[in-house]
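Asks: Have a look at this one.
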Amino acid sequence: MKRNVNQLVSRFNRRLHPIKAASYAVVLLGFAVIGAVPAWAADADGDGMDDEYEAFFGLNMTTNDAALDPDGDGLDNLAESQRWTDPFVADTDRDGFRDGFDSNAVSRAWIGWGDSWFVRSNAMVYTWPAWMVSAFKNGGEWQTNPPAWHVSATETGAASLGIELDRALLTNDLRMKMGLAGSDTAALYLDLRDTNGFIVASNVLDNLLSNTGTGAVKVFSVPLGSHPHTAGLSSALHPAWNSIPPDWSG
Ligand SMILES: [Ca+2]
Ligand SMILES: [Ca+2]
Ligand SMILES: [Ca+2]
């Protein structure tokens, strides 16, 4: 699945919290810089892999590295580039099937919140199914060791993570897995939002951090089927210290 990073600029993001519009100018600037990529030669080292793909995942753009298989998943880098799978991760969509043995190697949307290679200011980018449009944060900060989204106890107001979905493609409920490292004072809620960023269903899963210990993983269904006008989700964390949601799956 080829992802043009310019397509990931989130209008939804700005609509979600228009009061913070000034900060999103930074997001747009970041994407504008990335937008220079198409001006490069399509395949500078002539190894059959587009420069855009090699730059996105950090392959060598000046040496023919098409035949290498650094993640040992049965696909060489050239085959990975043709599928837009991650050449450094054996199971790009984290469904238990390695890329070389997966009939749909990008069937899930995995978000490595805070993975510095895929951070674009407030947004995250990766290779995702077509129904997954964008992923971003409002407030809090990225943490790199381990990669995470972190909200300081001193931050005032609620911070949130959001994703934007293409509901023409995703009509069923969303199966979601989140990794959480909570604190005693944290409260994490999930809201469904329409295309204008307005909440159509709030707190649909209660406090996700309740009864959560460090390193806990929760799996649950998000009722998109009964909310057809939902275009995205936001998960708001009220002042706490840590939340690590690595995985959203359709
Ligand atoms: Ca490989
Ligand atoms: Ca791979
Ligand atoms: Ca897989």
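Asks: Can you sort Val151, Val119, Val106 so the residue with the fewest Cβ neighbours within 10 Å comes first?
Replies: Ordered by Cβ neighbours within 10 Å, fewest first: Val119, Val106, Val151.
Asks: Follow-up. Between Thr195 and Thr171, what is the label-to-label distance in nm when each label sits 7 Å out along the Cα-to-Cβ direction?
Replies: With each label placed 7 Å out from Cα toward Cβ, I get 1.7 nm.
Asks: Also: I'd like the FRET efficiency for Ser210 and Thr144, computed as 1/(1 + (r/R0)^6) with the beta carbon distance as r and R0 of 22 Å, rounded to 0.05.
Replies: About 0.20, to the nearest 0.05.
Asks: Follow-up. How do Trp117, Trp149, Trp110 rank when sorted from fewest to most other Cβ atoms within 10 Å of their own Cβ?
Replies: Working: Trp117 12, Trp149 24, Trp110 21.
Ascending Cβ contact count within 10 Å gives the list Trp117, Trp110, Trp149.
Asks: What distance in nm separates the two pseudo spin-label positions at Lys218 and Ser103, each 7 Å out from Cα along the beta-carbon direction?
Replies: Result for the modelled spin labels: 3.3 nm.
Asks: So, R0 is 45 Å and r is the distance between the beta-carbons of Ala42 and His229; what FRET efficiency does that work out to, to 0.05?
Replies: Efficiency at R0 = 45 Å is approximately 0.65.
Asks: Can you give me the long-range amide H partners of Leu209? Hydrogens built in the peptide plane at 1.01 Å from N, cutoff under 5 Å, separation of 5 or more residues or another chain.
Replies: When sequence neighbours closer than 5 places are left aside, the close amide H contacts are Leu188.
Asks: In whole Hz and in residue order, list the ³J(HN,Hα) couplings for the stretch 171-177 that follow from phi through the Karplus curve 6.51 cos²θ - 1.76 cosθ + 1.60, θ = phi - 60°; x for Gly and Pro.
Replies: These are the phi-based 3J(HN,Hα) values: 9, 8, 4, 9, 8, 10, 10 Hz.
Asks: Do you know the relative contact order of the stretch 108-249, to the nearest whole percent, from alpha carbon pairs under 8 angstrom that are 6+ apart?
Replies: Computed over the stretch 108-249, the figure is 33 percent.
Asks: Of Asn211, Ala130, His229, which is farthest along the charge dipole of the stretch 108-249 in the positive direction, counting Lys and Arg as +1 and Asp and Glu as -1 at C-beta?
Replies: Result: Ala130, furthest along the dipole toward the positive end.
Asks: Please turn the phi angles of the stretch 48-53 into ³J(HN,Hα) values with the Karplus equation 6.51 cos²θ - 1.76 cosθ + 1.60 (θ = phi - 60°), one per residue in order, whole Hz, x for glycine and proline.
Replies: Rounded to whole hertz, the list is x, 10, 4, 4, 4, 5.
Asks: Going by amide H atoms built from the backbone, whose H comes under 5 Å of the H on Gln143, apart from near neighbours?
Replies: Hits under the 5 Å cutoff: Ala148, Trp149, His150.
We did not get these values from a lab; they are worked out from the coordinates using the rules stated. Every value quoted in this text rests on a predicted model; they were computed, and no experiment measured them. When we count neighbours, we look across all protein chains shown, and the Cβ atoms used for this are built from the backbone with ideal geometry, even at glycine.
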